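Asks: My structure is below; once you've seen it, I'll send some questions.
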Amino acid sequence: MRLCINIDHIATLRQARKEIEPDPVLAAGICELAGVDGIVCHLREDRRHINDRDLRLLKETVKTHLDLEMAATDEMVSIASVIKPDLVTLVPEKREEVTTEGGLDIEAAKVRIEGAIDELKKAGIKVSVFIEPLPVNVDSALEVGSDIIEIHTGKYANQKEPKDKIIELEKIRQTALLARELGLGVNAGHGLNYINIAPIANIEDIDEVSIGHAILARAVFVGLDRAVKEMLEIIRRIRR
């Protein structure tokens, strides 16, 4: 299982004071030196954290794998087509949300999403769609031409009762299995931390996880290098 680090919250801290530090591009380099398999960033329409400068420099400096999360808008498709990240992950976006709140409703915006995917593929970019763990969403992802799905793990992460967590975990497991059978790549992310990552890492059909907040929160106390290595150790102990 590959581990990718979402560096948005480094930029969030920078933007809180409208300063130039901490620099998310520098953070990405530290994460790569610590052993991560890729860097994730979300260029939002309101540029609340990652900005165009960050994305441009990340493309120039990231040595592993750059995953750009973005809404399926004309502006974002145009930017991605110029920057050419290794992967674009299409996500829903609402200006009032603190963080991404759920998966894409592909059926509700099928023409727009299919069009965005077509344009991104013409630019030579692989595309993932961020979905809730339901079989119907896997079918929809395949229909619009996605190469990969990223399973939203937020509901699993937020469950308090063990039985409810198990139910959500099984949804993730079955969604990953179906996607694999249909020839799609499988990523997962949202709300994952040092405790709840273990059951996810045990799902062999998941190729990659994206984690941001938990690792960066840990880094405040132990440093970014150590925080990354601790998460890598957990995953690699399970998925040797």
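The values are calculated or read from the model by the stated rules, or taken from the named source; none is laboratory data. Small disclaimer: the values here were computed from a predicted structure and weren't measured. Positions of Cβ are generated from backbone atoms using ideal geometry, with glycine treated the same way; all protein chains shown enter the neighbour counts.
Asks: Within the group 94, 122, 126, which residue is modelled with pLDDT of 95 or more, among the basic types (Lys, Arg) and surrounded by fewer than 14 Cβ atoms within 10 Å (Cβ to Cβ)?
Replies: On the way: 94 fails: modelled with pLDDT of 95 or more; 126 fails: surrounded by fewer than 14 Cβ atoms within 10 Å (Cβ to Cβ).
122 is the lone residue from the list that is modelled with pLDDT of 95 or more, among the basic types (Lys, Arg) and surrounded by fewer than 14 Cβ atoms within 10 Å (Cβ to Cβ).
Asks: Could you tell me whether residue 164 is within 25 Å of residue 66 (Cα to Cα) and charged (D, E, K, R)? Write out each step before concluding.
Replies: Numbers: within 25 Å of residue 66 (Cα to Cα): no; charged (D, E, K, R): yes.
So residue 164 does not fit the description; no.
Asks: Looking at 89, 73, which one is modelled with pLDDT of 95 or more, surrounded by fewer than 21 Cβ atoms within 10 Å (Cβ to Cβ) and of a type in the set (Val, Ile, Thr)? If you could, list the steps in order and put the result at the bottom.
Replies: Numbers: 89 fails: surrounded by fewer than 21 Cβ atoms within 10 Å (Cβ to Cβ).
Criteria check complete, one pass: 73.
Asks: So in region 167-206, with the set limited to residues that are assigned to a helix (DSSP H, G or I) and of a type in the set (Val, Ile, Thr), which one is farthest from the chain's Cα centre (by Cα)? Don't jump to the end; show me each part of the working.
Replies: If we filter region 167-206 for residues that are assigned to a helix (DSSP H, G or I), which is where we start, we get 167-181, 197-201.
Next, from what is left, pick out any that are of a type in the set (Val, Ile, Thr): 167, 172, 175, 197, 200.
On the way: 167: 22, 172: 15, 175: 17, 197: 15, 200: 15 Å.
Within region 167-206, the match that is farthest from the chain's Cα centre (by Cα) is 167.
Asks: Something else now. Considering only region 125-166, state which residues are out of contact with any Gly (no Cβ under 9 Å at 6 or more places or on another chain), part of a helix (DSSP H, G or I) and of a type in the set (D, E, K, R).
Replies: Correct list: 139, 143, 163, 164, 165.
Asks: So which of 158, 137 is surrounded by fewer than 23 Cβ atoms within 10 Å (Cβ to Cβ) and not aromatic (Phe, Trp, Tyr)? I'd like the intermediate steps shown before the answer.
Replies: Values: 137 fails: surrounded by fewer than 23 Cβ atoms within 10 Å (Cβ to Cβ).
None of the other options fit; the residue is 158.
Asks: Oh, and also: Is it true that residue 88 is hydrophobic (A, V, I, L, M, F, W, C) and assigned to a strand (DSSP E or B)?
Replies: On the way: hydrophobic (A, V, I, L, M, F, W, C): yes; assigned to a strand (DSSP E or B): yes.
Yes; evaluated as a whole, the condition is true for this residue.
Asks: Residues of region 13-53 being part of a helix (DSSP H, G or I), under 17 Å from the mean Cα position of the chain (by Cα) and either touching a residue at least 40 places away in the same chain (Cβ under 8 Å) or surrounded by fewer than 16 Cβ atoms within 10 Å (Cβ to Cβ) (or both), which ones?
Replies: Listed by number, the residues that qualify are 27, 31.
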